[in-house]
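The structure appears right after this line, and notes come after that.
The values are calculated or read from the model by the stated rules, or taken from the named source; none is laboratory data. Keep in mind that what you see is a predicted model, and the values were worked out from it rather than measured. The area values use the complete protein model at the heavy-atom level, side chains included, leaving out ligands, DNA and RNA. Shrake-Rupley method; radii C 1.70, N 1.55, O 1.52, S 1.80 Å.
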Amino acid sequence: CEMLIEKPHDEITRNNYLQMVLNSGKRASDLTKKLLVFARKGKIESTPVDLHKIINDAVLLLKRSVDKKVKIEMDFNAQKYFVTGDYTQLMNIFINMGINAEHAMPEGGTLIYKTSLVELNSQYCQKSTFELNPGTYLLAEIIDNGTGINPELISKIFEPFFTTKEKGKGTGLGLSAVYGTVRQHNGEILVESELAKGTTFKILLPVIENVVEEKPENDNYTSGTGVVLVVDDEYIIQV
């Protein structure tokens, strides 16, 4: 579709149809990815990642996109902040939560990303509806002072396709994707909310002990000139 759209032609109607096909394909792809995450079938990378860096990167993106009336703060108190997981999926958690918080503060407000460490014992893990193991967890709290969530709806907010937004304003898959990602990372997500006062989401992820941080590589590259030849026998790539 993208290649056909780029080709010059005079048929405006045809171009509109091609754009419709392209947009539909992208929406279907995005929907499928979110459903796979919720169903815990999507692929995830399992590498040591710095959760403080992930949150910081998410906040940098949010500051460029959310309403300027929303002030974003970070309060990092966790001394251990490496977890095992997928950088992209974990960052999507904090972007999703930030966007939801912005929608809950139409007149502006404060969004806080806060971290700390907690110890979960076997008794707590057994009572949890998540698959937890006793140990040290990084607690990431996403706090807003927005409109809050109706108590009658809190039990439904992680269900796929459930949304309180107007028609066309959301798919109802944002929080369900967050829920699925947290489960895939052997964590837990909780929510506390009070109408007209705000909402706090709590995400617990098991930390990695004794992680050795990699030193940045030397950026002194040697430049040169030459020709790069790419050979591929796949017809669709040659077109």
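Things to note:
- With all protein chains in place and ligands, DNA and RNA left out, the 1.4 Å accessible area ranks 7, 68, 202, 156 as 68, 7, 156, 202, largest first.
- Between residue 126 and residue 87, the contour length at 0.36 nm per residue exceeds the alpha carbon distance by 11.2 nm.
- Residue 188 - accessible surface, heavy atoms, 1.4 Å probe, Å² rounded to 10: 10
- When the residues 103, 185 are ordered by accessible surface, computed with a 1.4 Å probe over the protein chains alone, the sequence from largest down reads 103, 185.
- Surface calculation, 1.4 Å probe, protein heavy atoms: residue 192 sits at approximately 100 Å² accessible.
- Ranking by accessible area, most exposed first, for 69, 197 with a 1.4 Å probe: 197, 69
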